[in-house]
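One structure is given here, and the rest of the page talks about it.
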Amino acid sequence: MSVYYANLDFYEQLPEAFSTSVLKRHFWDNPCLFWLCDGIFATHAYSDQSVAKASQDALDRTIDRLVADNKDRAVGDNLDQLVEWLSGNIQDVGHVVGTIIPSFLSTLAGQLISGGYDVIGLGTFFNQTSACLSLARMLRLHGYSGLIILGGAGVTDSMARGLIRSFRNLDAVVVGDGELPLGEICRALATQGSAMPLSDQVIWSERRDSQRFEQVKPEPVRRRGERTTTPGIPVLTGDGYERFFKIRSQTRFAGEDVQIPFEISRGCYWVARSKCTFCGIADDFKMKAKTPHVAVPEIVGLAERLDADYLVCADTALPKNHIRVTVPQLAESLKMRRRSFFFEVRVDIPKEELRAFSQLGNVVLQPGIESLSTPLLTHMRKGTSAIQNIQFLRWCRIFGILPYYNILHGFPGEDPTWYVGMKSLMRHVFHLSAPRTATQVMLLRNSPLLREGGQHLGVVKPWDEYRIMYPAVDAESLDDLAYYFNGDFSDIDGEGIKPRADLISTVREWQRADRSGTAFLMRDKVDGGSCAVYDGRMDSAVELTLDSVDAAILDAGDEATDLDGVCEKLERGPERATLSSHVLQRLFDMAGKGLVLEERGKFLDLTIPINIGGRS
Ligand code: SF4
């Protein structure tokens, strides 16, 4: 068995401007990339020339519409740069679709066939499905008669059935974790000839269906002393990456950073408690995780063996025991050479555990912040609050961790006044990291929004752009194949338009302040326990002096806490004699100056301490 990474082979053949303008952008910055990257392959998935042409026409129409709809957008916006490039280089897109992709697919199919494989598995995530389907067709055109099996995180049950109905080059589609079913299929091929094992996870084409048989699942063979791990999450050793690094060294990507992915868990522990309403994770996808004693040596081994500078955790939400145990152990094991790491987390992380991330080196965390409005966070069942999110962003600033997050808006059933409150809160935290984007929430398959949207959603249908990928399927099959949907939700009465537009422009202002590094709110200790505050969140900077009681109160509000919590902390210091009514008065005074955030009886220090021993 071998793993074949074809991405570098493809990128190397693309015009450099195309890969910079299209492929190197992040999906969340440009939602149109969700269909563009899939769409450029789509026409090659079809043998019927009229269907292939319909796909090509749909791609051309969609790009034209994107350019026309967005030509007046403000310069500097990420989408604007992409649109500008597309409008001036439409012939480059044509060259990629008409010449580069068929040649790439043909070469790749030839290489795979020369490997003599009985089974070729194709993996898709959000937007590689058309690339997989067009490769499947090219393999058949080159005479490949082995099994072609599609799977990956982007395939759910109904999508699998839609794909197998619509694309005859596929023999089977795997739903969920692919390792075990694929292994069983290979074992059956080796021992039983063409008869295939029966599994709920594998949807066979009708052609192959008659050849199935029920097989007793064999017990996994375990050697004495061998460490166990959760079935379905393989331990990576870096084997099979050699070809990737060899090709990279021969391409224009030789000098670029390589991000090495690793996996600790699959699924999300929050789904079982209260799945976020916009989340597209399949409901029956069971949470599973390695233990720290398996994960730590695996990640250290990958880092050292591959000489990796940047390691990317592929988990959707790093489990809490791994935040507590794995992260500090990794920091200790890799302390001789700090690296860059990326993790997705939820924001409810205690301060000392967040600090442990910073010991790894340069760390980017993608927290599920989503909003700075507690009512909206409750509405989307996030299980967090605005003050918790701000606390997370502030601690990240203190520890030098980069948070990478988005703000979502436009939820069915939302109250437009929530955006008014959020906008005013944002103006107090321009000294913290800004969101990457403010995006209209998407309607995803498997999401509670799609299931429960009811009257707020109006007519729901798959994105029009799916006609590029699936130009000839009927409406019912398209419903099965789609992951992204449109609904007429939000703004039904128009009241939400202005508050949301104001929110977006405030986010842009915040991003500009963040990029220029000009916004600050710092607190410096001076004599006798008092402190100086330098407030440069808005255009003109202000300097304030706070007495020792205010300084102690701010210290006590390092973690969001109520009045009793603040007083309890003061009890342990020189300001223990301060009456709680005075503490409350001072908290509200400082909240009025934007130095403290108050939410539902909890208070949080917004300042960033400098030169305060032991604080940060
Ligand atoms: S959005 Fe994130 S935190 Fe919420 S259920 Fe999905 S994966 Fe879990």
Worksheet item: Whose amide H sits under 5 Å from the amide H of Asp315, counting only residues 5 or more places off or on another chain, with H placed in the peptide plane?
Response: Ile264, Ser265, Glu344
Worksheet entry | Gain on full stretching of the segment that runs from Gln250 to Glu509 - 0.36 nm per residue minus C-alpha separation | 89.0 nm
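Determine the sum of side-chain charges near Glu304: Lys and Arg each +1, Asp and Glu each -1, restricted to other residues whose C-beta is under 15 angstrom from that of Glu304. Each step should come with its number before you reach the end.
Numbers: positive: Arg305, Lys335, Arg337, Arg338, Arg339; negative: Asp239, Glu298, Asp307, Asp309, Glu332.
Net charge around Glu304: 0.
Mind putting a number on the dipole of the chain about its Cα centre? Charges go on the C-beta only, +1 for Lys and Arg and -1 for Asp and Glu, and I need it in Debye to the nearest 20.
On the way: 68 positive and 80 negative charges, 281 e Å.
It works out to roughly 1340 debye.
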Worksheet, complete the sentence: Rounded to 0.05, the calculated FRET efficiency for the beta carbons of Thr99 and Lys288 at R₀ = 56 Å is 0.80
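Give the Kirkwood hydrodynamic radius (Å, one decimal) of the stretch 257-516, defined as one over the mean of 1/r across all pairs of different Cα atoms.
Numbers: mean 1/r = 0.0500 Å⁻¹.
Mean inverse Cα-Cα distance, inverted, gives 20.0 Å.
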Worksheet item: Taking Lys286 as the anchor, which lysines have their alpha carbon closer than 24 Å to its alpha carbon, excluding any fewer than eight residues away along the same chain?
Response: Lys217, Lys275, Lys320, Lys382
Worksheet item: Counting alpha carbon pairs within less than 8 Å and at least 6 residues apart, what relative contact order, in whole percent, applies to the chain?
Response: 10
Practice prompt. Find out how many positive minus negative residues lie around Ala331, taking Lys and Arg as positive, Asp and Glu as negative, among other residues whose Cβ is under 11 Å from that of Ala331.
Written response: +3
Fill in: Thr506 accessible area, 1.4 Å probe, all protein chains in place, Å² to nearest 10
0
Response to the item:
Percent of all Cα-Cα pairs per 5 Å bin for the stretch 520-610, counting from 0 up to the last occupied bin, reads 3, 15, 28, 26, 18, 8, 2, 0
Item to complete: At 0.36 nm per residue, minus the direct Cα-Cα distance, what do His142 and Gln49 gain on full extension? Give it in nm, one decimal, please.
Response: 31.7 nm
Response to the item:
For Ser2 and Asp547, extending 7 Å from Cα along the Cα-Cβ vector and measuring point to point gives, in nm, a value of 7.7
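Roughly speaking, what is the stretch gain from Val235 to Arg324, that is 0.36 nm per residue apart minus the C-alpha to C-alpha distance, in nm to one decimal? Before the final figure, lay out each step's value.
On the way: separation 89, 0.36 × 89 = 32.04 nm, distance 2.07 nm.
That works out to 30.0 nm of additional length.
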Worksheet entry | Solution diffusion estimate, µm²/s, Stokes-Einstein, the chain, Kirkwood Rh from C-alpha pairs, 20 °C, viscosity 1.002 mPa s | 79
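Give me the net charge for the shell around Ser130: Cβ to Cβ below 13 angstrom, other residues only, Lys and Arg +1, Asp and Glu -1.
On the way: positive: Arg137, Arg467; negative: Asp38, Glu465.
Here the charged neighbours net out to 0.
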Response to the item:
Ignoring ligands and nucleic acids, Tyr5 exposes an accessible area, probe 1.4 Å, in Å² to the nearest 10, of 80
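For Thr518 and Glu242, what does the FRET efficiency come to when R0 = 41 Å and r is the distance between their Cβ atoms, rounded to the nearest 0.05? Mind showing how you got there, number by number?
On the way: r = 47 Å, r/R0 = 1.13.
FRET efficiency, Thr518 to Glu242: 0.30.
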Discussion item. Suppose each label sits 7 Å from its Cα in the direction of the beta carbon; what would the Met538-Leu402 distance come out to in nanometres?
Written reply: 3.0
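Please calculate how many Å² of accessible area the chain carries per residue, with a 1.4 Å probe and no DNA, RNA or ligand atoms counted. If you can, show how the numbers build up before the last one.
Values: 28510 Å² over 616 residues.
Heavy-atom accessible area per residue stands at 46 Å².
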Item to complete: Please work out the Cα center distance from the stretch 238-271 to the stretch 354-407, rounded to the nearest Å.
Response: 26
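The values are calculated or read from the model by the stated rules, or taken from the named source; none is laboratory data. Just so you know, these numbers come straight off a predicted model, no measurement behind them. Note that each Cβ is placed from the backbone with ideal geometry, even for glycine, and that neighbours are counted across all protein chains shown. Accessible surface is based on the protein model in full, side chains and every heavy atom, while ligands, DNA and RNA are left aside. Shrake-Rupley method; radii C 1.70, N 1.55, O 1.52, S 1.80 Å.
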